[in-house]
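Worksheet for the structure shown next.
Nothing in this text is a laboratory measurement; each read-out follows from the coordinates by a stated rule. Since the structure is predicted, the reported quantities are computational estimates derived from the model, not experimental observations. Backbone-built Cβ (ideal geometry, glycine too); neighbour counts: all protein chains shown.
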Amino acid sequence: TSKTKASSSREHRQLHTLYNETRTRYIDSDLSLSISHLLVSKNNPTVTRIVSLGMGSLKSVDQARRIKQLTIFLAIGEQLRQREPKIMLYAQDPSFSKVDEAFLQSLGVNILSTPSATELGEAAQYINESTLVYCPFLTLEAYQLFFATGSLNYFIGDDFDALRVKWPKRSAGWNEAESLSRRFVQGLRKRVIGGDNGFWDAEDKPFPMAMYHSSQRHQDKQ
């Protein structure tokens with residue numbers, strides 16, 4: 001109906017306004033400098049696509065944080081495209097609404113679908129050794145799905161050393177984080193992402209981030 005269209009159009013404009021404000025704030029932040037610096041390293045794997053997992057609906061109660069996650073994702077894409085213009089951007093989250101999808105598509109992001117949070121869905125076909133997976137704030141269950149693809153080569157997400165101390169020692173959460181770290185993450189090269197002051201707010205419940213990638217390609221260059 002025309003009323004529904006007007007409502008979604010208004011939501012679309014509101015999201016654009018929020019995104020533009022957040023982008024300006026990000027560009028001026030130390031976090032932007034930190035991530036930009038890490039992305040230019042010649043040791044990083046070659047990337048042909050970037051896949052965002054677990055961003056969440058942009059209309060959720062955590063809207064400010066979701067928009068910030070999106071802003072970082074798009075900035076990473078913008079920087080890497082300066083070197084490789086054909087890089088494609090994809091995003092997948094079971095909670096995306098039609099408004100979310102339309103807004104992301106207007107920003108050049110392709111939407112992948114999954115029937116539920118317990119399945120990796122279409123993203124499984126798009127993650128390979130040339131994919132940078134962007135997944136901060138991802139649940140441990142979703143990390144398990146991603147890591148189980150066997151295509152764990154390059155990702156920007158939660159700092160697993162910080163994840164391990166998020167829960168009381170020997171608790172279920174601690175055991176799961178420890179297991180994922182030991183089985184999948186410990187063999188990867190890790191670069192801590194600093195400079196988050198001034199971008200995240202307390203209500204975003206920020207969490208330490210890191211960049212991880214396989215050292216195989218680096219060794220091949222030696």
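What to note about this one:
- Taking a ≥ b ≥ c as the square roots of the Cα gyration tensor eigenvalues, the range 1-131 comes out oblate, since a/c reaches at least 1.5 and a/b does not exceed b/c.
- Paramagnetic label zone (point 7 Å from Cα along Cα-to-C-beta, R10; backbone N under 19 Å) in the range 46-74: 58-61
- Nearest 10 degrees, 0 to 90: helix 30-39 Cα axis against the chain principal axis: 60
- Debye-sum result for the range 175-216 in log10 I(q)/I(0), which assumes one identical scatterer on each alpha carbon, at q = 0.17, 0.23 Å⁻¹: -0.63, -0.85
- Degrees between helix 63-83 axis and first principal axis of the chain (Cα, 0 to 90, nearest 10): 70
- Once C-alpha pairs closer than 8 Å and six or more residues apart are averaged by separation and normalised to the residue number of the range 2-213, the relative contact order reads 24 percent.
- Subtracting the Cα-Cα distance of T139 and S215 from 0.36 nm times their residue separation leaves 24.9 nm of extension gain.
- Calculated on alpha-carbon atoms, Rg and Dmax of the chain in Å: 17.3, 61
- Phi angles of the range 48-62 translate, via the Karplus equation with coefficients 6.51, -1.76, 1.60 and θ = phi - 60°, into HN-Hα couplings of 10, 8, 10, 10, 8, 10, x, 5, x, 5, 6, 9, 7, 5, 8 Hz per residue; Gly and Pro are given as x.
- In degrees, nearest ten, helix 2-27 long axis to first principal axis of the chain (Cα): 40
- Between amide H atoms placed 1.01 Å from N, distances below 5 Å from M209 occur with D159, I193, all of them 5 or more places distant or on a separate chain.
- Computed from backbone phi with θ = phi - 60° and the Karplus coefficients 6.51, -1.76 and 1.60, the 3J(HN,Hα) list for the range 139-147 is 6, 4, 4, 6, 4, 4, 4, 5, 5 Hz; x is used for glycine and proline.
- The HN-Hα couplings worked out from phi for the range 105-117 by the Karplus form 6.51 cos²θ - 1.76 cosθ + 1.60 (θ = phi - 60°) are 5, 5, 9, x, 9, 7, 9, 9, 10, 9, x, 7, 6 Hz, whole numbers, x standing for Gly and Pro.
- Shape call, the range 103-222: gyration tensor on alpha carbons, a/c limit 1.5: rounded
- Amide proton proximity set for M88, modelled H, under 5 Å, gap of 5+: R49, I50
- Electrostatic dipole magnitude of the chain [Cβ: Lys, Arg +1; Asp, Glu -1; Cα centre; debye, to 20]: 260
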